[in-house]
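The values are calculated or read from the model by the stated rules, or taken from the named source; none is laboratory data. For clarity, every value in this text was computed on a predicted model and none was experimentally measured. A quick note on method: Cβ atoms are made from the backbone with ideal geometry, for glycine too, and the neighbour counts reach across all protein chains shown. In case anyone asks, the SASA skips ligands and DNA or RNA and just uses the protein heavy atoms, side chains included. Shrake-Rupley method; radii C 1.70, N 1.55, O 1.52, S 1.80 Å.
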Amino acid sequence: MLIDTFTIIAICTLVLLVILSSVLNPFLRNVESAADADENEVAESEMPAVSIVVLATGTTETLDAHLSVLLTQNYEQPYEVIVVGVKGDLSTEDVIGKYSVDHKNLYSTYIPQRSLFISKQKLSVALGVKAAHNEWIVLLDAKDRPASSMWLRKMAAKMDKDTNLVLGYSNYDPEAKPYYRFDRLRNECYLLRKASRKTAYRTESGNFAFRRSEFLEQDGYLGNLQYVGGEYEFLINKFARTYGSRIAVSPEAFVIEDVPNKKAWLNRKLYLKSIRKDLERTSAARSLYVADLLFMYLNYIAIIAAAAYSGLTMNWILLGTSALTLILTITSRILSARKAYRKFEADLSLWTVVFYEFSIVFHKLSVILRYRMADKYDFTTHKL
């Protein structure tokens with residue numbers, strides 16, 4: 001059978017799309033830069049004193065479960081743990097009282113039960129920062145727990161004189177839905193890499209450190225007080241400076257977040273949707289994300305279209321090429337995912353990666369639809 005011009009063009013297009021979609025994959029890219037390698041860590045004797053600010057608004061049970069890990073970190077330099085709760089929450093006070101007997105580095109401060117024109121989480125961060133005694137502050141939610149007793153040391157190892165932000169990796173507990181953990185890992189690959197390469201954009205969760213002096217000098221959340229969400233995103237976005245961020249991605253620096261319910265997971269997506277337009281560097285950050293998805297879907301669409309056409313016209317050479325490129329695409333995406341899964345110790349099935357990737361656009365459309373149908377006052381503290 002002679003190969004006509006159309007078949008040659010179709011085969012070349014399929015091969016090109018396989019190559020492009022394989023290269024444009026967040027799981028394939030190296031997250032760390034040379035500056036973040038272990039050999040460039042700060043010496044233990046030069047690590048700074050650190051304040052850990054824990055946001056404990058309405059999470060007494062998890063606070064009780066996680067405080068012991070925070071208070072027994074293997075860290076030679078002085079550090080303190082500051083729990084920010086809600087005034088009048090007796091259960092939180094009881095938990096703090098239980099641990100403060102044996103741990104003199106545990107402190108607490110409280111926000112009022114009602115806060116006007118600022119969300120409770122942002123007010124908690126602001127009060128925690130003001131209560132801190134050290135320049136470096138590590139921010140955590142009470143539902144987050146360090147994966148090891150070396151967590152603080154690994155974070156502090158990145159706190160050199162030229163750095164003002166340190167971002168660590170965080171994902172949900174292994175009991176959380178697999179897609180939730182896949183989605184978090186995929187997003188973290190983009191965000192951590194951007195922070196490591198040039199200028200941090202935002203973060204998916206807690207587990208990051210910043211300088212107290214910069215927060216106070218630049219008036220903290222001033223400029224985005226009207227939003228209910230974004231307490232993590234705005235901090236990174238506002239204070240990030242070019243080549244001023246480092247990342248801590250060794251397994252000992254991981255933080256594990258408690259299992260979210262569907263409402264909490266969806267709300268986080270909706271809050272991000274509401275604030276994204278006010279985040280700086282959004283266009284640059286989103287361009288690579290969009291390119292990755294675009295070429296992935298174009299590749300699958302081209303393979304399906306070529307297979308359908310070749311089946312109808314009995315073009316067996318093109319049909320065979322379609323089958324081969326599909327196999328190569330799936331193999332490439334599984335191997336890339338395996339690389340990221342191993343690095344971040346993700347307990348996820350490799351065989352589901354193709355289905356999860358393919359469903360991303362449908363999840364995005366669902367969030368967009370829900371956001372458009374939602375009452376926009378739900379996302380702002382300025383409701384008058």
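Before moving on, here are some points about what is shown:
- In this Cβ point-charge picture (+1 for Lys and Arg, -1 for Asp and Glu), the chain has a dipole of about 1340 debye about its Cα centre.
- SER149 paired with LEU127, simple spin-label distance in nm, labels 7 Å along Cα-to-beta-carbon: 3.2
- Longest segment of the chain lacking GluC sites (Glu not before Pro) that sit in a DSSP loop with at most 14 other Cβ atoms within 10 Å: 176-279
- When the Gaussian network model of the chain links Cα atoms closer than 10 Å, the mean-square fluctuations of ARG372, ARG246, ARG202 top out at ARG372.
- Inverting the pair-averaged 1/r between distinct Cα atoms of region 253-384 gives 18.3 Å as its Kirkwood hydrodynamic radius.
- Computed [θ] at 222 nm, deg cm²/dmol, the chain (DSSP H ≥ 4; -39,500 (n - 2.57); rounded to nearest 500): -16000 deg cm²/dmol
- From phi via Karplus (6.51, -1.76, 1.60), per-residue ³J(HN,Hα) for region 336-351 in Hz, x at Gly/Pro: 5, 5, 4, 4, 6, 4, 5, 4, 9, 6, 7, 8, 10, 6, 5, 6
- Contact order relative to length of region 73-191, as percent, for alpha carbon pairs under 8 angstrom and 6 or more apart: 25
- Region 315-334 and region 178-213: distance between their alpha carbon centers, rounded to Å: 34
- At full extension, LYS161 and TRP316 could sit 49.5 nm farther apart than now, given 0.36 nm per residue minus the alpha carbon distance.
- Principal-axis tilt of helix 353-373 within the chain, Cα atoms, nearest 10 degrees: 60
- Residue-wise HN-Hα coupling along region 202-207, computed from phi with Karplus coefficients 6.51, -1.76, 1.60 (Hz; x: Gly, Pro): 7, 9, 7, 6, x, 6
- Two-site FRET efficiency, ILE304 against ILE8, from Cβ-Cβ distance with R₀ of 22 Å, rounded to 0.05: 0.65
- Rounded to whole numbers, the Karplus 3J(HN,Hα) couplings from phi for region 127-136 are 5, x, 5, 5, 7, 5, 9, 10, 5, 8 Hz, using 6.51 cos²θ - 1.76 cosθ + 1.60 with θ = phi - 60°, and x at Gly and Pro.
- Each Lys and Arg Cβ is given +1 and each Asp and Glu Cβ -1; about its Cα centre, region 1-122 then shows a dipole of about 760 debye.
- Under 19 Å from LYS263, Cα to Cα: aspartates and glutamates that are on another chain or at least 8 residues apart: ASP141, ASP144, ASP173, GLU175, ASP183, GLU204, GLU231, ASP375, ASP378
- Nearest-ten-degree value, helix 262-275 long axis tilted from longest Cα axis of the chain: 90
- The alpha-carbon of LYS339 sits under 29 angstrom from the alpha-carbons of these lysines, leaving out residues fewer than 8 places away in its chain: LYS143, LYS154, LYS158, LYS177, LYS194, LYS198, LYS262, LYS269, LYS364.
- For ILE82, residues with placed amide H under 5 Å, excluding near neighbours: ILE52, VAL53, VAL54, TYR107
- Remark on ALA248: its backbone amide H falls under 5 Å from those of LEU167, GLY168, TYR169, a criterion applied only to residues 5 or more positions apart or on other chains, H modelled at 1.01 Å from N.
- Label point 7 Å beyond Cα of LYS98 along Cβ direction - residues of region 241-260 with amide nitrogen under 19 Å: 258
- Cut-off under 5 Å, modelled amide H: who pairs with PHE254 long-range: ALA147
- Working from label points 7 Å from Cα in the Cα-to-Cβ sense, the LYS87 to ALA35 distance is 4.2 nm.
- Å² of accessible area per residue within the chain, as computed with a 1.4 Å probe and no ligands counted: 46
- Calculated on C-alpha atoms, the gyration radius of region 340-384 divided by its Kirkwood radius gives an Rg/Rh of 1.26.
- Modelled spin-label separation between SER359 and THR331, with each label point placed 7 Å from Cα along the Cα-to-Cβ direction: 2.7 nm.
- Rounded tilt (10° steps) of 5-23 against the dominant C-alpha axis of the chain: 20
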